[in-house]
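S.K.: Dumping the structure here so I can ask a few things about it.
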Amino acid sequence: MFKRFVYVMLLLMMVNHCQAQVLSAKVGINGLTCSQCSRSVEIQLRKLSFVKNVNMNLASTEGTLQFKEGSDIDFLKIAKAVKDAGFSVRFLDAEIDMQKVKMHEKGFTIGNDLYLFPDAKNIQSANAKFRFLGKMFSSGKNESNTNESPAKGHVYSLKLAS
């Protein structure tokens, strides 16, 4: 009985300390021209297991995503969901709580994912907004080449978002 109580208390402590590092994301979508287009993207994004809420803005052709607490967020799946709806990603930005990430010599890690940003150690604020680089996250030619490869997870290249 005592062992069970200790186990439950340890589990509760771990849950309280595992707060979300990624606070929200904003995705710019090329080609949204009507409410039906916007709705089809929203439906695809809501299918992702880690997405809690999606708020589409047809005027700015953007969607804002909130995530389920404690979920592993796969940014490649966000880009794929937009593509599966028949559109392309103009940009993908994420607001990240820098106090809850593990710093790396070339950026930081969240779970098994490596986020490459050379100036990450110089960020002064608790929260920072980053823009994802690469062909999946932009219709432009701002791809980033990297030889980094974590044992598990993904490697993302970032820049500070304005």
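S.K.: Quick one: of K102/K129; K47/K102; K100/K135, which pairs are farther than 25 Å apart, Cα to Cα?
M.R.: Values: K102/K129 16 Å; K47/K102 29 Å; K100/K135 28 Å.
Distance filter (> 25 Å) returns K47/K102; K100/K135.
S.K.: With label points built 7 Å along Cα→Cβ from the Cα atoms of C34 and S88, find their separation and express it in nm.
M.R.: Result: 2.2 nm between the two label points.
S.K.: Taking each pair of distinct Cα atoms in the range 20-160 once, what is the resulting Kirkwood hydrodynamic radius in Å? Intermediate values should be presented prior to the final figure.
M.R.: Numbers: mean 1/r = 0.0651 Å⁻¹.
Here the Kirkwood hydrodynamic radius works out to 15.4 Å.
S.K.: Additional query: So for the range 28-87, Kirkwood radius off the Cα pairs, Stokes-Einstein at 25 °C and 0.890 mPa s: how many µm² s⁻¹? Working shown, then result.
M.R.: Values: Rh = 11.5 Å.
In µm²/s, the coefficient is 214.
Readers should treat all values here as calculations from the given coordinates under stated rules, not as data from a laboratory. As the structure is a prediction and not an experimental result, all values here were calculated from the model. For neighbour counting, all protein chains shown are included, and Cβ atoms are generated from backbone atoms with ideal geometry for every residue, glycine included.
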